[in-house]
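Asks: Sharing a structure below in structure tokens format, with a few things to ask.
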Amino acid sequence: MFKINTIIKDAFDIINDKENLKLAADIIKNGGTVAFPTETVYGLGANALDVNAVSKIFKAKGRPQDNPLIVHVDSFDMIYSLVEDFCENAKKLAQKFWPGPLTIILKRSKLVPSEVSAGLDTVAIRMPSNEIARKLISLSKTPIAAPSANLSGSPSPTTSEHVISDLNGRVDMILNSYSSTVGLESTVISLAGEKPRLLRPGFVTLDELKDILGEVEVDKAVFSSISNDAVVNAPGMKYKHYAPKATVKIVKSSFEDFILYVNNKNEEGTAALVFNGEGQRLSVPFVEYGKQNDSQNQAAHLFDALRQLDKINAKIVYARCPSDEGIGLAVTNRLFKAAGFEVIEL
Ligand code: AMP
Ligand code: MG
């Protein structure tokens, strides 16, 4: 079905790679799709104000139409026309966390096509800090709608290799750049309801949001699975996301109990997802996903680790349970989603 000739060009530096960035911006201006690096994960972008361009994102990813997109901006001027009201709380959050890995949901203006917001009356906005992303937006002179640049259902891409493996031949251009520094998708907070509500945890933590906003409700999608036909605040949260092909089960236990439990398994395709340095005690194939007491390090490596599990043909994966403190809440949320919230307590 897809026979797009995908242009792949370097974008490591806004000066040396300026011509490549100009070409990418021309593609956006002409209604095409460009995958680009951001500090959270790679995004698949198109002109947010062009319905036809936006529809190409859904097609390329195989993304369900009811899963809305985040609109990326590089300046405050771009925001005012997209929202009904850039409220005081939004201004406070923007001042503290933008540019950076926080997405704010507000009531949308008529300028935003309903396709971008999957028919909702709100729009999700983020000002990324990655300088390649910012340059692409400013050269394109338009807000860029961009979900993660992976095939729908697979783990979000944190390297250009991940993007190429999922989307080569399905998009107009892929910018080849550094690995994403954060490694998990942005924190999503809604300011469109009565009370601020955390829809997706990320690098900007719940406590940091509470420091600015006072009370913040946490959506139940953060902690539990939701059926596919449910009506929820964060439509994307109901889909099985971030998952390798294998069945993932989280094991809540000490490391010693984990070793005993997993080393006794002899089903074909058994593998383990563990912290750095733990693999040597295992007698099954394993992938390591970061340092045990460092949630930020786990965030940066988790999605690559999930993809590696596919490469080693894992069928059943037993995963060490991360801490859920601070950024750990985001790591926990993504890993639990990959596991369909299945936890084994020893
Ligand atoms: P992705 O960038 O692939 O992680 O997808 C963007 C995510 O942002 C979606 O899955 C939604 O959970 C969330 N999102 C985007 N727009 C809205 C919105 N208007 N209301 C609620 N959630 C949104
Ligand atoms: Mg995504």
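The values are calculated or read from the model by the stated rules, or taken from the named source; none is laboratory data. Note that the structure is a prediction, hence the values are computed from the model and not measured. Using ideal geometry, Cβ is built from the backbone for each residue, glycine included, and neighbour counts are taken over all protein chains shown.
Asks: Going by the conditions given, is ASN52 of a type outside the set (Val, Ile, Thr) and farther than 23 Å from SER190 by Cα?
Replies: yes
Asks: Here is a further query. In this structure, does LEU335 turn out to be touching a helix residue (DSSP H, G or I) at 6+ places or on another chain (Cβ under 9 Å), closer than 21 Å to HIS162 by Cα, within 16 Å of ligand 2 (Cβ to nearest atom) and of a type in the set (A, V, I, L, M, F, W, C)?
Replies: Taking the combined requirement at face value, the residue satisfies it.
Asks: Only one of (1) under 17 Å from PHE255 (Cβ atoms); (2) part of a loop (DSSP other than H, G, I, E, B); (3) under 19 Å from the mean Cα position of the chain (by Cα) fails for GLN298. Which number is that?
Replies: Evaluating GLN298 over (1) under 17 Å from PHE255 (Cβ atoms); (2) part of a loop (DSSP other than H, G, I, E, B); (3) under 19 Å from the mean Cα position of the chain (by Cα) leaves (2) as the failure.
Asks: Continuing with the same structure: Looking at segment 106-127, which of its residues are within 16 Å of ligand 2 (Cβ to nearest atom) and not β-branched (Val, Ile, Thr)?
Replies: Answer for segment 106-127, where residues must be within 16 Å of ligand 2 (Cβ to nearest atom) and not β-branched (Val, Ile, Thr): SER117, ALA118, ALA124, ARG126.
Asks: Same structure again: Considering every residue within segment 41-50, establish whether at least one is modelled with pLDDT of 95 or more, touching a Ser or Thr at 6+ places or on another chain (Cβ under 7 Å) and more than 16 Å from ligand 1 (Cβ to nearest atom).
Replies: yes
Asks: In segment 157-194, what count of residues is obtained for those that are within 16 Å of ligand 1 (Cβ to nearest atom) and in contact with a helix residue (DSSP H, G or I) (Cβ under 9 Å, 6 or more places away or on another chain)?
Replies: Within segment 157-194, residues that are within 16 Å of ligand 1 (Cβ to nearest atom) and in contact with a helix residue (DSSP H, G or I) (Cβ under 9 Å, 6 or more places away or on another chain) number 16.
Asks: Which condition from (1) without any contact (Cβ under 8 Å) to a residue 60 or more places away in the chain; (2) within 12 Å of ligand 1 (Cβ to nearest atom) is the one that ILE57 breaks?
Replies: Just one mismatch for ILE57, condition (1).
Asks: Just give me the residues in segment 103-130 being in contact with a Pro (Cβ under 8 Å, 6 or more places away or on another chain), more than 10 Å from ligand 1 (Cβ to nearest atom) and not hydroxyl-bearing (Ser, Thr, Tyr), in sequence order.
Replies: Once the filter is applied, which keeps residues that are in contact with a Pro (Cβ under 8 Å, 6 or more places away or on another chain), more than 10 Å from ligand 1 (Cβ to nearest atom) and not hydroxyl-bearing (Ser, Thr, Tyr), segment 103-130 yields MET127, PRO128, ASN130.
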